[in-house]
1. Which condition does THR235 not pass, out of (1) assigned to a helix (DSSP H, G or I); (2) crowded, with 17+ Cβ neighbours inside 10 Å, if it passes all the others?
2. Taking the residues in region 1-22 that are in a helix (DSSP H, G or I) and touching a Phe, Trp or Tyr at 6+ places or on another chain (Cβ under 8 Å) as candidates, determine which candidate is nearest to ALA86 (Cα to Cα).
3. I'd like to know if region 149-161 contains one or more residues that are farther than 21 Å from ALA269 by Cβ, surrounded by fewer than 17 Cβ atoms within 10 Å (Cβ to Cβ), in contact (Cβ under 8 Å) with a residue 12 or more places away in the chain and among the hydroxyl-bearing types (Ser, Thr, Tyr).
4. Here's a check for you: in region 134-145, which residue that is assigned to a loop (DSSP other than H, G, I, E, B) and modelled with pLDDT under 90 is farthest from LEU35 (Cα to Cα)?
5. When the residues of region 238-263 are filtered to those that are outside any loop (DSSP other than H, G, I, E, B) and modelled with pLDDT of 75 or more, which remaining residue is surrounded by the fewest Cβ atoms within 10 Å (Cβ to Cβ)?
6. Only one of GLU89, GLU79 is out of contact with any helix residue (DSSP H, G or I) (no Cβ under 8 Å at 6 or more places or on another chain) and modelled with pLDDT of 95 or more. Can you tell me which?
7. For region 235-245, give me the residue count where each residue is of a type in the set (A, V, I, L, M) and farther than 17 Å from PRO159 by Cβ.
8. Of the residues ASN67, ASN12, ASN45, which single one is outside the structural domain of ALA179 (by TED's automatic domain parsing), polar (S, T, N, Q), modelled with pLDDT under 95 and crowded, with 19+ Cβ neighbours inside 10 Å?
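The values are calculated or read from the model by the stated rules, or taken from the named source; none is laboratory data. Everything numeric in this text was worked out from a predicted model, so none of it was measured. Reconstructed Cβ throughout: ideal geometry from the backbone, glycine too, with neighbour counts over all protein chains shown.
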Amino acid sequence: MSCILCCVDGKNYSQSVCDYAVMISNNMKLPLKILNIVEHSSKSNKLDLSGNIKLGEKDDILEKLTNDEAIRSKSIIKEGKDLLLALKEKALITCEQEITLMQAHGDVLDNILELQDEISILIIGIKSHDKNKIGENVKDIIRELNKPILLVNSEFITPKKILIAYNGSEESKKILTTAVRNPIFKDVTRDIVNINDDKLFSEKILDEAKKIYAKSEIDIKTSVLSGDAKTEILTYMYENDCDILAMGAFGQSRIKEFIFGSFTSEIIAQSKKPILFYR
């Protein structure tokens with residue numbers, strides 16, 4: 001069954017990640033899974049600790065970690081369980097869907113990919129606003145996970161306006177069609193922009209977007225921008241009080257070359273608002 005998956009580590013806006021996940025779970029009427037991944041030291045990794053488990057299962061893992069090298073792993077496991085329980089306690093106040101807690105052991109990307117068939121959207125936190133410190137886990141997840149990913153880089157606010165950077169690609173079309181079919185965000189206005197020095201071409205692209213929304217009751221506004229794409233997107237977002245930036249990741253043939261080239265890295269590093277990536 002499809003679910004909303006949020007991955008928390010206790011450091012990168014975990015509460016905010018969970019708050020967005022609860023809101024999206026309610027909007028899409030899908031169950032919520034809250035996942036904590038424990039990356040063990042090299043010695044404790046020799047134990048069979050791989051895979052996802054529901055909280056409360058396989059507590060004997062703690063008993064297996066008995067040597068001095070494993071003390072840190074025991075502490076991390078306990079901290080992760082405590083975090084999950086605390087997040088669930090708050091989530092239950094407003095979440096209308098089923099909540100499952102999971103703690104996984106091993107590589108972050110591998111564990112998320114194990115759940116790929118279940119995921120409708122992944123929500124994760126990222127704290128760095130330095131393009132040289134964007135976590136490898138985040139890079140790998142965006143490259144490999146063929147699902148929408150919401151990167152949370154600030155405290156939770158209920159979104160009122162979303163900025164969609166639309167270029168007519170299949171990835172960016174998914175942003176529009178998803179909003180019509182089963183919106184991730186409800187009761188929000190959508191500003192759709194195309195950045196191109198050819199105004200006529202931009203208007204043609206934006207006409208496509210208008211047709212997708214034509215039979216919906218979703219409030220949209222379209223704008224043609226020209227100049228440096230990164231600068232124009234970020235400037236428009238701040239000047240127009242947009243709460244979330246949505247954009248398509250590049251297609252598979254281009255993603256390896258470009259997805260963490262300067263454009264995407266700088267957007268992630270410089271944006272002070274959450275970013276929703278589509279593949």
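1. (2)
2. Ranking the candidates gives GLN15 first.
3. Yes: one or more hits.
4. Filtering first and then ranking leaves ILE134.
5. Start the filter on region 238-263 by keeping residues that are outside any loop (DSSP other than H, G, I, E, B), which leaves 238-239, 244-248, 252-258, 262-263.
Retained after the next criterion (residues that are modelled with pLDDT of 75 or more): 238-239, 244-248.
Working: TYR238: 13, GLU239: 8, ILE244: 25, LEU245: 22, ALA246: 27, MET247: 21, GLY248: 22.
Top of the filtered list is GLU239.
6. Values: GLU79 fails: modelled with pLDDT of 95 or more.
Only one candidate qualifies: GLU89.
7. 0
8. Details: ASN67 fails: crowded, with 19+ Cβ neighbours inside 10 Å; ASN45 fails: crowded, with 19+ Cβ neighbours inside 10 Å.
Selected residue: ASN12, the only one of ASN67, ASN12, ASN45 that is outside the structural domain of ALA179 (by TED's automatic domain parsing), polar (S, T, N, Q), modelled with pLDDT under 95 and crowded, with 19+ Cβ neighbours inside 10 Å.
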